[in-house]
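The values are calculated or read from the model by the stated rules, or taken from the named source; none is laboratory data. If you're wondering where the values come from, they're calculated on a predicted model, not measured in any experiment. Counting neighbours? That spans all protein chains shown, and the Cβs are built from the backbone with ideal geometry, glycine included.
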Amino acid sequence: MFRKKSLDEWALDYWFLQQYAKLCFNIYYRKVEVINRHRIPKNQPVILAPNHQNALMDAMLLVCRTPFQNVFLARADIFKGRRIIKFLTYVNIMPVYRIRDGIENVKRNDVVFDKTVKVLHNRHNPLSVFPEGNHGDKRRLRSLVKGLFRIAFQAQEKYGREPAVKIVPIGIDYGHYQNFRTTLFMNVGEPIEVSEFMDSYNENPVLGLNRIKNAFAAALSKQMIDIQTEDYYSLYMHLREIYNKEMLHLLGIQESTLAGKFKADKIMIDCLNHALTADPELIKQLDETVKQYDQGLKKARLRDWVIEREKFSWPVLCLSSLVQVFLFPVFAFGFINNYLPYWFINGRTKNIKDPQFFSSFKFVFGMISFPVWYLAVAGLLAFTPLSPAFILLYIALLPITGLFAFNYFIRMKKLIAAWRFFLGRKTGDMINLLDLRREIIGQTGHIITRNRIAHENSR
């Protein structure tokens, strides 16, 4: 590791590590979509402030999808041991002390905040802070901590009323928090200009902090899926899956992008919120229907996409089955040659109590375990009479066929589900699921139609 003059200085070895992380990130997620990245100012004092729901993966998104060597703030309790502290410092992470870390340690934040202000004044790389303080397992904006805004005001004091320090709200939404090869959406909002709140802050620091905090909370909420209802959270999440295509069609959105899906979800959630206030009985009835449908899906061991598709032809299913049989040897090769590191990672994940750390653990250990395993296999093959060219080809095929094996497994599960539905499509349970889904579409459409005008007026 090269020594840097300051924490936020660009470093070549960090750049190489960042490129490797990007490669692994592209493998871990099937699709990553970023919109409005141009809103992040360059060569200015900038604080990137995303919502925080998936532990380390939220930070990795900034590392892998912004052109900076971001400086992060993280909770102080992970800074244990000389080597860990050295590594965290190397990857531009500084500790933030909370009350639970001890009152005497909270005072150390003054030193940390001074360093963050220096980072902002240097303008080399952005400061990245998670304003919720810790991660949560729900798609909603939680209470914001004031440390972010204290840092922003402290840095802005150098510039007075002149526009300088900016806080950029960034919304993050995962297709699934824990699953491998899922989707990830990043939505960059318009920067908050800290100078606009300096007069309020100078007159009354508490009032100034609250004003900028409220303004930022409103801005961040627009960039993310923010489901505030407790009673109907599950309903909203189910409708994001069941009704999204209908909502896209209703809005005239043709592209099946994550941005389009996000826009449809946001409008649907707003309409449901209006209905929850204006006519809660409709929401209650819809919730009961969705619960029946969800229970039926679990009993049948099916997912919504199967019921949505509804019509499967036996020739297509037979052809798909033959393709799977034909490709089985490739699956077997990839599975056998990648099973050991997969087993190692998966086994250790079971010991983690917080599910929001699952992806972080699998990602980090995958970055290490799989390359080590491939090098070990190459070393073993080097003692065989096989030619170097054959060994290189064999090793090159390991990650490719490993990824193929995973996708094959998913396709096989979907094929089995399709066969299960096709063979039982005339049974009472399947007919009931089809009827319930149509009822959900109809009830939701009625609610959306009645509340779209209220949604448009509130914008």
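So which of G296, G260 is over 23 Å from I448 (Cα atoms), of a type outside the set (F, W, Y) and either at pLDDT 95 or above or out of contact with any strand residue (DSSP E or B) (no Cβ under 6 Å at 6 or more places or on another chain) (or both)? Spell out how you get there, then give the answer.
Values: G260 fails: over 23 Å from I448 (Cα atoms).
After applying the criteria, what remains is G296.
Within the set of pairs 6+ apart or on separate chains, which have a first residue in region 413-424 that is in contact (Cβ under 8 Å) with a residue 24 or more places away in the chain, a second that is of a type in the set (S, T, Y), and C-beta atoms under 9 Å apart?
From region 413-424, the pairs are L415/S320; L415/S321; A418/S320; W419/S321; F422/S313.
Please go through region 23-62 and pick out each residue that is in a helix (DSSP H, G or I), surrounded by fewer than 14 Cβ atoms within 10 Å (Cβ to Cβ) and not aliphatic (A, V, I, L, M). I'd like the intermediate steps shown before the answer.
To start, the set of residues in region 23-62 that are in a helix (DSSP H, G or I) comprises 23-28, 37-39, 56-62.
Pick out the ones that are also surrounded by fewer than 14 Cβ atoms within 10 Å (Cβ to Cβ) and you get 23, 26, 37-38.
The answer is N26, R37, H38.
So that you can scan it fast, the table gives a plain yes or no per residue for (1) among the hydroxyl-bearing types (S, T, Y); (2) touching a Lys or Arg at 6+ places or on another chain (Cβ under 7 Å):
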residue: L144; (1), (2): no, yes
residue: K158; (1), (2): no, no
residue: A164; (1), (2): no, no
residue: V168; (1), (2): no, yes
residue: G171; (1), (2): no, no
residue: Y177; (1), (2): yes, no
residue: M186; (1), (2): no, yes
residue: L235; (1), (2): no, no
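Looking only at region 170-210, which residues are farther than 21 Å from V46 by Cβ and part of a loop (DSSP other than H, G, I, E, B)?
Within region 170-210, G175, H176, Y177, Q178, N179, F180, R181, T182, N204 meet the criteria.
Listed residues G102, G147, G133, G160; which is at pLDDT below 95, at positive phi and surrounded by 15 or more Cβ atoms within 10 Å (Cβ to Cβ)? Quick ask: steps written out before the conclusion?
On the way: G102 fails: surrounded by 15 or more Cβ atoms within 10 Å (Cβ to Cβ); G147 fails: at positive phi; G160 fails: surrounded by 15 or more Cβ atoms within 10 Å (Cβ to Cβ).
Being at pLDDT below 95, at positive phi and surrounded by 15 or more Cβ atoms within 10 Å (Cβ to Cβ) holds for just one of G102, G147, G133, G160, which is G133.
Return the residues of region 321-353 that are charged (D, E, K, R) and either within 21 Å of L398 (Cα to Cα) or surrounded by 10 or more Cβ atoms within 10 Å (Cβ to Cβ) (or both); say none if nothing qualifies.
Kept after step one, since they are charged (D, E, K, R), are these residues of region 321-353: 348, 350, 353.
Within region 321-353, R348 is the sole residue that qualifies.
Considering only residues that are closer than 18 Å to R75 by Cα, under 20 Å from the mean Cα position of the chain (by Cα), outside any loop (DSSP other than H, G, I, E, B) and not small (G, A, S), which ones fall in region 111-169?
Of everything in region 111-169, just one residue is closer than 18 Å to R75 by Cα, under 20 Å from the mean Cα position of the chain (by Cα), outside any loop (DSSP other than H, G, I, E, B) and not small (G, A, S), namely L127.
Do you know which residues across region 386-427 are basic (K, R) and not in a helix (DSSP H, G or I)?
Quick first cut of region 386-427, residues basic (K, R) only: 411, 413-414, 420, 425-426.
Result: R425, K426.
Do the conditions hold for I192, that is, is it touching a strand residue (DSSP E or B) at 6+ places or on another chain (Cβ under 9 Å), buried (at least 18 other Cβ atoms within 10 Å of the Cβ) and touching a residue at least 40 places away in the same chain (Cβ under 8 Å)? Steps first, answer last, please.
Working: touching a strand residue (DSSP E or B) at 6+ places or on another chain (Cβ under 9 Å): yes; buried (at least 18 other Cβ atoms within 10 Å of the Cβ): yes; touching a residue at least 40 places away in the same chain (Cβ under 8 Å): no.
Taking the combined requirement at face value, the residue does not satisfy it.
Could you go through region 373-385 and let me know if any residue there is in a helix (DSSP H, G or I) and either of a type in the set (F, W, Y) or within 29 Å of the chain's Cα centre (by Cα) (or both). If you could, list the steps in order and put the result at the bottom.
Initial filter on region 373-385 (in a helix (DSSP H, G or I)): 373-381.
Those left that are additionally either of a type in the set (F, W, Y) or within 29 Å of the chain's Cα centre (by Cα) (or both): 373-374.
Looking through region 373-385, at least one residue is in a helix (DSSP H, G or I) and either of a type in the set (F, W, Y) or within 29 Å of the chain's Cα centre (by Cα) (or both).
Go through the residues of region 397-416 one by one and say whether even a single one is within 19 Å of C318 (Cβ to Cβ), in contact with a Gly (Cβ under 9 Å, 6 or more places away or on another chain) and not assigned by TED's automatic domain parsing to the domain that holds N26. Break it down into steps so the answer makes sense when it comes.
Taking region 397-416 and keeping what is within 19 Å of C318 (Cβ to Cβ), we get 408, 411-416.
Keeping just the survivors that are in contact with a Gly (Cβ under 9 Å, 6 or more places away or on another chain) gives 408.
Checking the rest, the ones that are also not assigned by TED's automatic domain parsing to the domain that holds N26 come to 408.
Yes, the conditions are met somewhere in region 397-416.
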